[in-house]
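> Quick one: this structure, given as C-alpha coordinates, is what I'll be asking you about.
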Amino acid sequence: MRIFDPHIHMTSRTTDDYEAMYAAGVRAVVEPSFWLGQPRTSPTTFLDYFDSLLGWEPFRAAQYGIAHHCTLALNPKEANDPRCLPVLDELPRYLVKDQVVAVGEIGYDSMTPAEDAALAAQLQLAAEHELPALVHTPHRDKLAGLRRTVDVVRESALSPDRVLLDHLNETTVKEAKDSGCWLGFSVYPDTKMDEERMVAILRAHGPERVLVNSAADWGRSDPLKTRKVADLMLAEGFTEDDVDRVLWRNPVAFYGLSGRLNLRVDTTDTTHEGNSILRGGE
(Lines give C-alpha, C1' and ligand atoms only; values in the text may rest on other atoms or scores of the structure.)
Protein backbone atom coordinates (compact mmCIF):
# COMPACT_ATOMS: atom_id res chain seq x y z
CA MET A 1 0.00 0.00 0.00
CA ARG A 2 1.28 3.47 -0.90
CA ILE A 3 0.06 6.54 0.94
CA PHE A 4 0.42 10.27 0.25
CA ASP A 5 -0.52 12.46 3.22
CA PRO A 6 -1.53 15.73 1.50
CA HIS A 7 -1.65 17.84 4.68
CA ILE A 8 0.66 17.20 7.63
CA HIS A 9 2.84 19.53 9.69
CA MET A 10 6.01 17.50 10.02
CA THR A 11 7.97 20.38 11.53
CA SER A 12 5.92 19.59 14.65
CA ARG A 13 6.66 15.85 14.56
CA THR A 14 9.61 13.65 15.50
CA THR A 15 11.81 11.31 13.53
CA ASP A 16 9.94 8.45 15.24
CA ASP A 17 6.87 9.64 13.36
CA TYR A 18 8.74 9.53 10.06
CA GLU A 19 9.82 5.95 10.80
CA ALA A 20 6.29 4.88 11.74
CA MET A 21 4.79 6.61 8.72
CA TYR A 22 7.19 4.89 6.34
CA ALA A 23 6.43 1.52 7.93
CA ALA A 24 2.71 2.24 7.43
CA GLY A 25 3.18 2.93 3.72
CA VAL A 26 3.54 6.72 3.63
CA ARG A 27 5.86 7.65 0.79
CA ALA A 28 4.99 11.31 0.21
CA VAL A 29 3.75 14.28 2.21
CA VAL A 30 2.81 17.90 1.65
CA GLU A 31 3.40 20.27 4.54
CA PRO A 32 1.36 23.47 4.50
CA SER A 33 2.71 26.49 6.31
CA PHE A 34 0.46 27.30 9.25
CA TRP A 35 0.09 28.97 12.63
CA LEU A 36 2.67 27.79 15.14
CA GLY A 37 0.51 28.01 18.26
CA GLN A 38 1.57 31.47 19.38
CA PRO A 39 1.65 34.75 17.48
CA ARG A 40 4.62 35.54 15.32
CA THR A 41 6.01 38.99 16.00
CA SER A 42 7.54 39.91 12.64
CA PRO A 43 7.52 38.86 8.98
CA THR A 44 11.10 37.61 9.24
CA THR A 45 9.97 34.73 11.43
CA PHE A 46 7.77 33.57 8.55
CA LEU A 47 10.73 33.67 6.19
CA ASP A 48 12.88 31.51 8.46
CA TYR A 49 9.96 29.09 8.68
CA PHE A 50 9.49 29.04 4.91
CA ASP A 51 13.21 28.37 4.46
CA SER A 52 13.00 25.38 6.80
CA LEU A 53 10.06 23.95 4.83
CA LEU A 54 12.13 24.25 1.67
CA GLY A 55 15.39 22.90 3.06
CA TRP A 56 15.69 21.16 6.39
CA GLU A 57 12.33 19.38 6.41
CA PRO A 58 12.66 17.80 2.93
CA PHE A 59 16.12 16.62 3.97
CA ARG A 60 14.77 15.16 7.20
CA ALA A 61 11.93 13.38 5.37
CA ALA A 62 14.30 11.96 2.77
CA GLN A 63 16.32 10.22 5.47
CA TYR A 64 13.24 8.05 6.02
CA GLY A 65 12.36 7.49 2.36
CA ILE A 66 9.55 10.05 2.19
CA ALA A 67 9.18 12.74 -0.48
CA HIS A 68 8.38 16.14 1.04
CA HIS A 69 6.82 19.19 -0.61
CA CYS A 70 5.20 22.24 0.91
CA THR A 71 2.59 24.92 0.40
CA LEU A 72 3.35 28.48 1.48
CA ALA A 73 1.08 31.36 2.47
CA LEU A 74 0.02 33.81 5.13
CA ASN A 75 -2.31 31.63 7.19
CA PRO A 76 -5.86 32.81 7.97
CA LYS A 77 -5.38 33.31 11.69
CA GLU A 78 -2.36 35.56 11.32
CA ALA A 79 -3.92 37.45 8.44
CA ASN A 80 -5.64 39.42 11.21
CA ASP A 81 -2.32 40.65 12.64
CA PRO A 82 -1.02 43.80 10.91
CA ARG A 83 2.53 42.83 11.88
CA CYS A 84 2.29 39.81 9.59
CA LEU A 85 0.80 41.38 6.47
CA PRO A 86 4.18 42.27 4.87
CA VAL A 87 4.59 38.52 4.32
CA LEU A 88 2.27 38.92 1.34
CA ASP A 89 4.93 41.05 -0.35
CA GLU A 90 7.58 38.38 0.27
CA LEU A 91 5.58 35.41 -0.98
CA PRO A 92 6.22 35.82 -4.73
CA ARG A 93 9.93 35.04 -4.40
CA TYR A 94 9.09 31.88 -2.48
CA LEU A 95 6.30 30.69 -4.75
CA VAL A 96 8.76 30.11 -7.59
CA LYS A 97 10.65 27.45 -5.60
CA ASP A 98 10.50 23.90 -6.93
CA GLN A 99 9.37 22.37 -3.63
CA VAL A 100 6.29 24.62 -3.46
CA VAL A 101 3.31 22.79 -4.95
CA ALA A 102 0.48 25.12 -3.91
CA VAL A 103 -0.39 28.36 -2.16
CA GLY A 104 -1.70 27.50 1.30
CA GLU A 105 -3.04 27.27 3.86
CA ILE A 106 -5.24 30.20 2.98
CA GLY A 107 -8.90 30.72 3.81
CA TYR A 108 -10.84 31.57 6.94
CA ASP A 109 -10.43 31.34 10.68
CA SER A 110 -12.92 33.90 12.02
CA MET A 111 -14.26 35.21 8.69
CA THR A 112 -13.04 38.77 9.17
CA PRO A 113 -12.54 41.47 6.52
CA ALA A 114 -8.78 41.03 6.92
CA GLU A 115 -9.16 37.34 6.11
CA ASP A 116 -11.30 38.23 3.08
CA ALA A 117 -8.52 40.43 1.75
CA ALA A 118 -5.74 37.91 2.42
CA LEU A 119 -7.69 35.08 0.79
CA ALA A 120 -8.43 37.10 -2.35
CA ALA A 121 -4.85 38.34 -2.61
CA GLN A 122 -3.38 34.86 -2.28
CA LEU A 123 -5.79 33.28 -4.75
CA GLN A 124 -4.52 35.90 -7.16
CA LEU A 125 -0.93 34.94 -6.36
CA ALA A 126 -1.79 31.31 -7.04
CA ALA A 127 -3.24 32.22 -10.42
CA GLU A 128 -0.24 34.37 -11.32
CA HIS A 129 2.21 31.61 -10.40
CA GLU A 130 0.11 28.86 -12.03
CA LEU A 131 -0.19 27.04 -8.71
CA PRO A 132 -3.19 25.34 -7.13
CA ALA A 133 -4.46 26.56 -3.76
CA LEU A 134 -5.01 24.74 -0.48
CA VAL A 135 -7.89 26.43 1.34
CA HIS A 136 -8.56 26.05 5.06
CA THR A 137 -12.28 26.11 5.78
CA PRO A 138 -13.13 27.41 9.27
CA HIS A 139 -13.66 25.11 12.22
CA ARG A 140 -16.59 27.21 13.46
CA ASP A 141 -19.79 27.94 11.53
CA LYS A 142 -18.53 25.62 8.85
CA LEU A 143 -21.31 25.84 6.28
CA ALA A 144 -21.36 29.63 6.26
CA GLY A 145 -17.58 29.60 6.05
CA LEU A 146 -17.63 27.20 3.13
CA ARG A 147 -20.16 29.30 1.23
CA ARG A 148 -18.13 32.45 1.78
CA THR A 149 -14.99 30.64 0.65
CA VAL A 150 -16.62 29.36 -2.53
CA ASP A 151 -17.91 32.85 -3.33
CA VAL A 152 -14.39 34.28 -3.09
CA VAL A 153 -12.98 31.45 -5.21
CA ARG A 154 -15.60 32.09 -7.90
CA GLU A 155 -14.70 35.78 -7.93
CA SER A 156 -10.99 34.99 -8.32
CA ALA A 157 -8.84 34.26 -11.35
CA LEU A 158 -8.23 30.72 -10.12
CA SER A 159 -10.44 27.97 -11.49
CA PRO A 160 -12.28 25.90 -8.84
CA ASP A 161 -10.69 22.74 -10.23
CA ARG A 162 -7.35 24.09 -8.98
CA VAL A 163 -8.63 24.60 -5.42
CA LEU A 164 -8.63 22.08 -2.56
CA LEU A 165 -11.19 22.85 0.15
CA ASP A 166 -9.85 21.28 3.32
CA HIS A 167 -11.28 20.33 6.73
CA LEU A 168 -14.64 19.37 5.24
CA ASN A 169 -17.23 17.25 7.03
CA GLU A 170 -20.78 15.95 6.59
CA THR A 171 -22.30 19.44 6.69
CA THR A 172 -20.09 20.85 3.96
CA VAL A 173 -19.23 17.99 1.62
CA LYS A 174 -22.19 18.27 -0.76
CA GLU A 175 -21.85 22.00 -1.43
CA ALA A 176 -18.08 21.65 -1.67
CA LYS A 177 -18.47 18.89 -4.24
CA ASP A 178 -21.00 20.95 -6.21
CA SER A 179 -18.50 23.84 -6.32
CA GLY A 180 -16.14 21.91 -8.58
CA CYS A 181 -13.28 22.13 -6.09
CA TRP A 182 -11.28 19.21 -4.73
CA LEU A 183 -12.40 17.85 -1.35
CA GLY A 184 -10.10 17.54 1.66
CA PHE A 185 -10.85 15.76 4.94
CA SER A 186 -8.70 15.85 8.08
CA VAL A 187 -8.94 12.79 10.32
CA TYR A 188 -8.17 13.45 13.99
CA PRO A 189 -8.32 11.43 17.20
CA ASP A 190 -10.95 13.64 18.87
CA THR A 191 -12.04 16.46 16.56
CA LYS A 192 -12.72 17.06 12.86
CA MET A 193 -13.35 13.65 11.21
CA ASP A 194 -12.70 10.10 12.38
CA GLU A 195 -12.14 6.97 10.30
CA GLU A 196 -15.73 5.75 10.50
CA ARG A 197 -17.22 9.08 9.44
CA MET A 198 -14.67 9.37 6.65
CA VAL A 199 -15.55 5.97 5.23
CA ALA A 200 -19.25 6.81 5.45
CA ILE A 201 -18.65 9.97 3.42
CA LEU A 202 -16.72 8.00 0.82
CA ARG A 203 -19.57 5.53 0.57
CA ALA A 204 -22.15 8.31 0.18
CA HIS A 205 -20.23 10.65 -2.12
CA GLY A 206 -17.64 8.48 -3.84
CA PRO A 207 -13.85 8.82 -4.10
CA GLU A 208 -13.71 11.37 -6.92
CA ARG A 209 -11.50 14.39 -6.10
CA VAL A 210 -11.33 13.30 -2.42
CA LEU A 211 -8.10 13.70 -0.42
CA VAL A 212 -7.73 12.35 3.11
CA ASN A 213 -5.10 13.76 5.46
CA SER A 214 -3.98 13.51 9.07
CA ALA A 215 -3.25 17.25 9.49
CA ALA A 216 -0.97 16.05 12.30
CA ASP A 217 0.66 18.97 14.10
CA TRP A 218 1.77 20.04 17.58
CA GLY A 219 -1.64 19.28 19.09
CA ARG A 220 -3.34 15.97 19.78
CA SER A 221 -3.16 14.29 16.40
CA ASP A 222 -2.04 11.07 14.74
CA PRO A 223 0.24 10.91 11.68
CA LEU A 224 -0.97 7.36 10.97
CA LYS A 225 -4.62 8.31 10.47
CA THR A 226 -4.28 8.00 6.70
CA ARG A 227 -3.29 4.35 7.06
CA LYS A 228 -6.13 3.77 9.51
CA VAL A 229 -8.62 5.17 7.00
CA ALA A 230 -7.15 2.92 4.31
CA ASP A 231 -7.45 -0.16 6.53
CA LEU A 232 -11.05 0.63 7.41
CA MET A 233 -11.91 1.22 3.75
CA LEU A 234 -10.69 -2.28 2.94
CA ALA A 235 -12.51 -3.76 5.92
CA GLU A 236 -15.73 -2.06 4.79
CA GLY A 237 -15.58 -3.47 1.27
CA PHE A 238 -13.75 -0.82 -0.72
CA THR A 239 -11.26 -2.19 -3.23
CA GLU A 240 -7.51 -1.77 -3.18
CA ASP A 241 -7.94 0.45 -6.24
CA ASP A 242 -10.35 2.68 -4.30
CA VAL A 243 -7.80 3.00 -1.51
CA ASP A 244 -5.00 3.78 -3.94
CA ARG A 245 -7.14 6.39 -5.62
CA VAL A 246 -8.01 8.25 -2.41
CA LEU A 247 -4.71 7.84 -0.58
CA TRP A 248 -2.32 8.20 -3.52
CA ARG A 249 -3.60 9.05 -6.99
CA ASN A 250 -5.91 11.89 -5.95
CA PRO A 251 -3.23 13.85 -4.04
CA VAL A 252 -0.76 13.18 -6.85
CA ALA A 253 -3.28 14.54 -9.35
CA PHE A 254 -4.08 17.65 -7.33
CA TYR A 255 -0.55 18.68 -6.40
CA GLY A 256 0.62 17.58 -9.83
CA LEU A 257 -1.29 20.60 -11.15
CA SER A 258 1.71 22.61 -9.97
CA GLY A 259 3.98 20.92 -12.50
CA ARG A 260 6.53 20.53 -9.70
CA LEU A 261 5.62 17.32 -7.91
CA ASN A 262 8.67 15.05 -7.75
CA LEU A 263 8.12 11.80 -5.88
CA ARG A 264 11.67 10.52 -6.22
CA VAL A 265 13.52 10.57 -2.91
CA ASP A 266 17.21 11.46 -2.88
CA THR A 267 18.86 9.89 0.16
CA THR A 268 22.45 10.51 -0.92
CA ASP A 269 22.88 13.63 1.22
CA THR A 270 23.62 12.76 4.83
CA THR A 271 23.77 16.37 6.00
CA HIS A 272 21.91 19.59 5.30
CA GLU A 273 24.09 22.70 5.49
CA GLY A 274 26.46 20.75 7.70
CA ASN A 275 23.80 19.36 10.02
CA SER A 276 22.52 15.80 10.33
CA ILE A 277 19.59 14.23 12.15
CA LEU A 278 22.00 12.24 14.31
CA ARG A 279 22.71 13.15 17.90
CA GLY A 280 25.78 12.18 19.87
CA GLY A 281 27.43 9.81 17.41
CA GLU A 282 27.83 11.75 14.20
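The values are calculated or read from the model by the stated rules, or taken from the named source; none is laboratory data. None of these values were measured; they are calculated from a predicted model. Using ideal geometry, Cβ is built from the backbone for each residue, glycine included, and neighbour counts are taken over all protein chains shown.
> Only one of 101, 87, 96 is touching a Phe, Trp or Tyr at 6+ places or on another chain (Cβ under 6 Å) and within 15 Å of residue 133 (Cα to Cα); which?
Only one candidate passes the filter, namely 101.
> A further question on this structure: Any residue that is over 22 Å from residue 104 (Cβ atoms) and not in a strand (DSSP E or B) - is there at least one of those in region 45-57?
no
> Just need a number here: residues in region 159-193 that are without any contact (Cβ under 8 Å) to a residue 60 or more places away in the chain and farther than 12 Å from residue 135 by Cα.
Here the count works out to 20.
> Please give the number of the condition residue 55 fails out of (1) crowded, with 18+ Cβ neighbours inside 10 Å; (2) touching a strand residue (DSSP E or B) at 6+ places or on another chain (Cβ under 9 Å).
It fails just one condition, (1).
> Exactly one condition in (1) among the small types (Gly, Ala, Ser); (2) within 20 Å of residue 266 (Cβ to Cβ); (3) within 15 Å of the chain's Cα centre (by Cα) is not met by residue 62; state its number.
If we test residue 62 against (1) among the small types (Gly, Ala, Ser); (2) within 20 Å of residue 266 (Cβ to Cβ); (3) within 15 Å of the chain's Cα centre (by Cα), just (3) comes out false.
> Quick check on region 111-134. Is at least one of its residues over 17 Å from the mean Cα position of the chain (by Cα) and closer than 23 Å to residue 214 by Cα?
no
> Follow-up. Kindly indicate the residue of region 250-269 that is in contact (Cβ under 8 Å) with a residue 60 or more places away in the chain and of a type in the set (Ser, Thr, Tyr) and also surrounded by the fewest Cβ atoms within 10 Å (Cβ to Cβ) among those meeting that condition.
267
> Looking at 42, 12, which is the one that is polar (S, T, N, Q), farther than 19 Å from residue 102 by Cα and over 18 Å from the mean Cα position of the chain (by Cα)?
42
> To continue, here is another question. Residue by residue through region 7-47, note down the ones that are within 22 Å of residue 260 (Cα to Cα) and not β-branched (Val, Ile, Thr).
7, 9, 10, 27, 28, 31, 32, 33, 34, 47
> Now a separate question. Among the residues of region 136-171, which ones are surrounded by 20 or more Cβ atoms within 10 Å (Cβ to Cβ), outside any helix (DSSP H, G or I) and β-branched (Val, Ile, Thr)?
137, 163 - these are the residues of region 136-171 that are surrounded by 20 or more Cβ atoms within 10 Å (Cβ to Cβ), outside any helix (DSSP H, G or I) and β-branched (Val, Ile, Thr).
> For region 23-40, enumerate the residues that are in a loop (DSSP other than H, G, I, E, B), closer than 18 Å to residue 95 by Cα and either polar (S, T, N, Q) or at pLDDT 95 or above (or both).
Across region 23-40, the qualifying residue is only 33.
> So, residue 11, is that one in a helix (DSSP H, G or I) and surrounded by fewer than 18 Cβ atoms within 10 Å (Cβ to Cβ) or not?
No; evaluated as a whole, the condition is false for this residue.
> While we're here: From the residues in region 58-92 that are in a helix (DSSP H, G or I) and either of a type in the set (Val, Ile, Thr) or touching a Pro at 6+ places or on another chain (Cβ under 8 Å) (or both), which one is surrounded by the fewest Cβ atoms within 10 Å (Cβ to Cβ)?
83
> Can you name the residue in region 194-220 that is out of contact with any helix residue (DSSP H, G or I) (no Cβ under 7 Å at 6 or more places or on another chain), outside any helix (DSSP H, G or I) and surrounded by fewer than 23 Cβ atoms within 10 Å (Cβ to Cβ) and is also modelled with the lowest pLDDT among such residues?
The qualifying residue modelled with the lowest pLDDT is 219.
> Mind checking which residues of region 93-121 are surrounded by fewer than 24 Cβ atoms within 10 Å (Cβ to Cβ) and either on the phi > 0 side of the Ramachandran plot or at pLDDT below 95 (or both)?
109, 110, 111
> Another question, if that's okay. Looking at 81, 16, 5, which one is without any contact (Cβ under 8 Å) to a residue 40 or more places away in the chain and of a type in the set (Asp, Glu)?
16
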